[in-house]
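Here the structure comes first, spelled out in structure tokens, and everything after it is commentary.
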Amino acid sequence: MVSIPWLWSCCLDTQTLVYVLLFGLLATLIYTKLRHKDVFFDARGRAVLITGCDSGFGNLLALRLLDMGFTVFAACLFPDGEGAQALINHSSPGQVKVIRLDVTKDEEVEKVKQYVKENLPEKGLWGLVNNAGVVMWGMVEWQTIEKYQKVLDINLLGGIRTTLAFAPLIRKSKGRMVFLSSTNAYIGMLNSMYSMSKIGVEKFCDCLRLEMKQFGVQVCIITPGNYAPATKIQQNADAENIWDSLSVEMKEMYSKQFIDRTTKYVNKQFNGGSSKGYEVVDTIVDALTSPTPKARYLVATFAEKVIVYLYLWLPTLLFDKILQGRKKM
């Protein structure tokens, strides 16, 4: 039987630690090399359903997948809108199928499910990309329960609805399910509704990923940082409108000057995001086509990644101090 002191000294031995680190580095390099080796993926005859294709990541992704040869079911809230028409004009006849879908409506999800089943190409439904989402920022006390319900119904329950509807088709093709999360799942200052919805998406995917592996289905989470300029998901807020929406009690609690300062801060944060939406689209394509997709893709700036890692590892009180200091800058 191995003695505890011997095991302890072995673990602390410098040479042993060096060997362990070198082995870990070698294993990482081999995995990275294998993961990025060129593998041809034939998109022809495979379909992908994308929600939220009116604009932003959904629209950009649909264009990319059409160029790759996929059949795309582009779910749009406004199928006669500019974004939907751009998809129709971009592709060859029949390659893109623009369909109306409000992910908060069970009857619309069921209708789209029947349409997809009746119009699948020969290799079936390969991918489901849950991209539809909205943002509503503001302090908790400024909100109403109706606003919370709306954001959760679109961002979280909407993706669950489509998953329940299309999981059998994805399972049949041993395909992919991709969900759009956000770094706001971890950093939720002034964004409680959106943050709640996105951390809910991540936890849902953690369960779904483990359950679907036995069927050969891969579930991937895309976690972008601030890409507001690329997606136009959040227009500049107007301090006057926010002030007018507050109750008398809230106006006594928060001054108009405070509302103005907070609005300017949030607008500055949104406007300072990246306009390179293709970076997120690249990771979604990898999740859909790589033979070894990642469970999570963190697509963010170095500073955003540092904040996420600090959230995960620092004591909460210390992390709160950092966020409060960041807001004052």
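Tabulated results
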{"item": "Count of residues meeting criterion [more than 26 Å from Val112 (Cα to Cα) and in a loop (DSSP other than H, G, I, E, B)] in segment 142-195", "result": "8"}
{"item": "When residues of segment 162-196 are limited to those that are of a type outside the set (S, T, N, Q), more than 30 Å from Leu314 (Cα to Cα) and buried (at least 22 other Cβ atoms within 10 Å of the Cβ), the one nearest to the chain's Cα centre (by Cα)", "result": "Met177"}
{"item": "Cross-chain or 6+ apart pairs with Cβ under 7 Å, segment 61-87 first and under 19 Å from Gly277 (Cα atoms), then open to solvent by 30 Å² or more (accessible area, probe 1.4 Å) and part of a helix (DSSP H, G or I)", "result": "Leu63/His90; Leu66/His90; Leu87/Leu63"}
{"item": "Segment 287-315, residues that are in a helix (DSSP H, G or I), under 14 Å from Pro224 (Cβ atoms) and within 17 Å of the chain's Cα centre (by Cα)", "result": "Ala287, Glu304, Lys305, Val308"}
{"item": "Residue in segment 129-137 that is among the aromatic types (Phe, Trp, Tyr) and either surrounded by fewer than 18 Cβ atoms within 10 Å (Cβ to Cβ) or within 15 Å of the chain's Cα centre (by Cα) (or both) present", "result": "no"}
{"item": "Subset of segment 243-254 (residues that are open to solvent by 30 Å² or more (accessible area, probe 1.4 Å), part of a helix (DSSP H, G or I) and touching a residue at least 24 places away in the same chain (Cβ under 8 Å))", "result": "Ser245, Met253"}
{"item": "Residue count, segment 260-286 (criterion: among the basic types (Lys, Arg) and in a loop (DSSP other than H, G, I, E, B))", "result": "1"}
{"item": "Where Gln257 falls short, out of the listed (1) open to solvent by less than 80 Å² (accessible area, probe 1.4 Å); (2) assigned to a helix (DSSP H, G or I); (3) more than 18 Å from Asn184 (Cα to Cα)", "result": "(1)"}
{"item": "Any hit, segment 286-308, residues being without any contact (Cβ under 8 Å) to a residue 24 or more places away in the chain, open to solvent by 20 Å² or more (accessible area, probe 1.4 Å) and within 21 Å of Leu49 (Cβ to Cβ)", "result": "yes"}
{"item": "Count of segment 48-74 residues which are over 18 Å from Ala132 (Cβ atoms) and surrounded by 24 or more Cβ atoms within 10 Å (Cβ to Cβ)", "result": "2"}
{"item": "Residues of segment 205-233 that turn out to be outside any loop (DSSP other than H, G, I, E, B) and surrounded by 20 or more Cβ atoms within 10 Å (Cβ to Cβ), as a count", "result": "12"}
{"item": "Test: residue in segment 266-274 that is surrounded by 16 or more Cβ atoms within 10 Å (Cβ to Cβ) and under 30 Å from Leu125 (Cα atoms)", "result": "no"}
{"item": "Any hit, segment 121-141, residues being without any contact (Cβ under 8 Å) to a residue 60 or more places away in the chain, assigned to a helix (DSSP H, G or I) and not charged (D, E, K, R)", "result": "yes"}
{"item": "Checking Asp320 against (1) acidic (Asp, Glu); (2) without any contact (Cβ under 8 Å) to a residue 60 or more places away in the chain; (3) closer than 22 Å to Gln235 by Cβ, the condition it does not meet", "result": "(3)"}
{"item": "Breaking point among (1) open to solvent by 60 Å² or more (accessible area, probe 1.4 Å); (2) in contact with a helix residue (DSSP H, G or I) (Cβ under 9 Å, 6 or more places away or on another chain); (3) farther than 13 Å from Met196 by Cβ, for Glu146", "result": "(2)"}
{"item": "Residue among Ala62, Ala43, Ala86 that is within 30 Å of Gln235 (Cα to Cα), in contact with a strand residue (DSSP E or B) (Cβ under 9 Å, 6 or more places away or on another chain) and at pLDDT 65 or above", "result": "Ala62"}
{"item": "Qualifying residue in segment 82-103 (condition: in a strand (DSSP E or B), under 21 Å from Asp42 (Cα atoms) and small (Gly, Ala, Ser))", "result": "no"}
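The values are calculated or read from the model by the stated rules, or taken from the named source; none is laboratory data. Nothing here was measured: the structure is a model prediction, and the numbers come from that model. Note: ideal-geometry Cβ built from the backbone for every residue, glycine included; neighbour counts use all protein chains shown. To get the accessible areas, we keep the full protein, side chains included, count just its heavy atoms, and leave off ligands, DNA and RNA. Shrake-Rupley method; radii C 1.70, N 1.55, O 1.52, S 1.80 Å.
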